[in-house]
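Here's the structure we're looking at; comments come further down.
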Amino acid sequence: MNPFLLQYRKLSRQLSYLRGYLDFDRSGNEIVRRTDFANCPRPVLLLYGFMATRRTFEVLERRLRRDQYCVWSINLGGLFDAFNTKGIDESAEKVREKVERLYARYPSMGPLSIIGHSKGGLIGRYYVKRLGGDRRVRNLITLGTPHNGSPTAYFGVMTAGLVSRGVWQMTPMSPFIRRLKIGAFPRHVRFASIYSKSDRVNPFPCCILEDNGTGNLFNIEVTGVNHRELVLRRSVYEVIRRELAHGYGDPVPEARREGVTRLAPVR
């Protein structure tokens, strides 16, 4: 069969998965204040992905609050001031400004953990590595984040390239991705990339972190989980809980037998 036809069919399948991931709900960034930042020893910032809204994290946020984490998020703006389409570096700067204002107002807050889904993970990575976020952040956890770029981003370029600089930045080995890889990630921040080979939006090995020689980077595989389910599945949440415990120095929960995972330190 024609190799170009095979590639077209593969990308078409990825686009269909992407359509299922996108949720065009303009009310998805409505703010409901539940976090007491004056009493916030374990803050967790959630960063959502391309064309998504805060509502992406509804299930994950509820679970984190139940386990006594101080959860919050930021309206990253973008298309209709609702959907995450801005440049990754621009969004990371917004994160930096918000975090600094928050810590200035509540200096007793504990060290920060960041959980980023898809593009949100790249925003968190850029903030920690390039904008001094390592002063605040103890732990960065990414879910299905295309650290090496993703072929699905080409479809995003065709459909949203005129309104989104961020989707260009996520194409495989884009200038942005290449620059972000330069230099070692801060040694005192634990960095885990959680990925699944069943993810068809950012397919393996898009999400694999590469060696920087510091020993604080981890690739963690979860099995049988698609892109959207990375923020919904209980088995993935158990992995997130263990990573947060490592970052905060808490007792690490025992792994449950709900899903098979494989943790691989980056060598």
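Quick note: the coordinates plus some simple rules give every number you see, no bench work behind them. For clarity, every value in this text was computed on a predicted model and none was experimentally measured. Quick reminder, even Gly has a Cβ in these numbers, built from the backbone with ideal geometry, and neighbours come from all protein chains shown.
Could I have the simple spin-label model distance between Arg234 and Ser108, label points 7 Å from Cα toward Cβ, reported in nm to one decimal?
In this crude spin-label approximation the distance works out to 3.6 nm.
Would you mind working out the magnitude of the charge dipole of the stretch 77-154 relative to its Cα centre, with +1 at each Lys and Arg C-beta and -1 at each Asp and Glu C-beta, to the nearest 20 Debye?
Values: 13 positive and 7 negative charges, 51 e Å.
The dipole magnitude comes to about 240 debye.
On full extension of the chain, what length is gained from Thr223 through Ala38, given 0.36 nm per residue of separation minus the C-alpha to C-alpha distance?
On the way: separation 185, 0.36 × 185 = 66.60 nm, distance 3.85 nm.
Between Thr223 and Ala38, full extension yields 62.7 nm more.
Sort 104-111, 67-74 for me by packing, meaning the mean count of neighbouring Cβ atoms within 10 Å per residue, highest on top.
By packing density, highest mean first, the sequence is 67-74, 104-111.
Ranked highest first by the average count of other Cβ atoms within 10 Å around their residues, in what order do 216-223, 200-207 fall? Intermediate values should be presented prior to the final figure.
On the way: 216-223: 19.5, 200-207: 21.8.
Ranked from most to least packed, the peptides come out as 200-207, 216-223.
HN-Hα J couplings of the stretch 69-77 from phi, Karplus 6.51/-1.76/1.60, θ = phi - 60°, integer Hz, Gly and Pro as x?
8, 8, 9, 8, 8, 10, 6, 7, x
I need Arg101, Arg228, Arg65, Arg241 ordered by Cβ neighbour count within 10 Å, fewest first. Working shown, then result.
Numbers: Arg101 10, Arg228 22, Arg65 14, Arg241 19.
Ordered from fewest to most neighbouring Cβ atoms within 10 Å, Arg101, Arg228, Arg65, Arg241 come out as Arg101, Arg65, Arg241, Arg228.
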